[in-house]
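Chemist: Pasting a structure below so you can have a look.
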Amino acid sequence: MSDLYERVDKALDEIRPYIHSHAGDINIVDVSEAGVVKLQMVGTCHGCPMSMLTLRLGIERILTEKVEGITQIVSLRPDELDLDDLDTEVDADAAS
């Protein structure tokens, strides 16, 4: 795992108790070397009309304040995940 990924995960740990209090969670799908963070909101957050507001005004703001190097935050819905691409990335990480 990259240093940027670990810093994003640590910052999300500060946010997760609030998300968990609403029976939801936020998963890191990917953190690129270019600083693009792909997140997926799950549980009751997935499909909630307020989830985009939570993402933009809460999660995005906190992550960009606490983690230097983030250039963009993208929220993915479950149907937008390319599982074949993720399997390739996992295989590449395991090989290194």
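Chemist: Only one of these is at pLDDT below 85 and of a type in the set (V, I, T): T71, T54. Name it.
Modeler: Only one candidate qualifies: T54.
Chemist: Name the pairs whose Cβ atoms lie under 6 Å apart, with the first residue in the range 24-41 and more than 12 Å from Y5 (Cα to Cα), the second in a loop (DSSP other than H, G, I, E, B), and 6 or more positions between them or separate chains?
Modeler: G24/T44; G24/C45; Q40/L76
Chemist: With respect to V42, determine if the residue is at pLDDT below 85 and assigned to a strand (DSSP E or B).
Modeler: yes
Okay, residues lined up against (1) at pLDDT 90 or above; (2) part of a loop (DSSP other than H, G, I, E, B); (3) of a type in the set (A, V, I, L, M); (4) within 8 Å of the chain's Cα centre (by Cα):
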position: M1; (1), (2), (3), (4): no, yes, yes, no
position: E6; (1), (2), (3), (4): yes, no, no, no
position: A11; (1), (2), (3), (4): yes, no, yes, no
position: I15; (1), (2), (3), (4): no, no, yes, no
position: I19; (1), (2), (3), (4): no, no, yes, no
position: D25; (1), (2), (3), (4): no, no, no, no
position: A34; (1), (2), (3), (4): yes, yes, yes, no
position: K38; (1), (2), (3), (4): yes, no, no, yes
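The values are calculated or read from the model by the stated rules, or taken from the named source; none is laboratory data. Fair warning: this is a prediction, and the values are worked out from it, not measured in the lab. Using ideal geometry, Cβ is built from the backbone for each residue, glycine included, and neighbour counts are taken over all protein chains shown.
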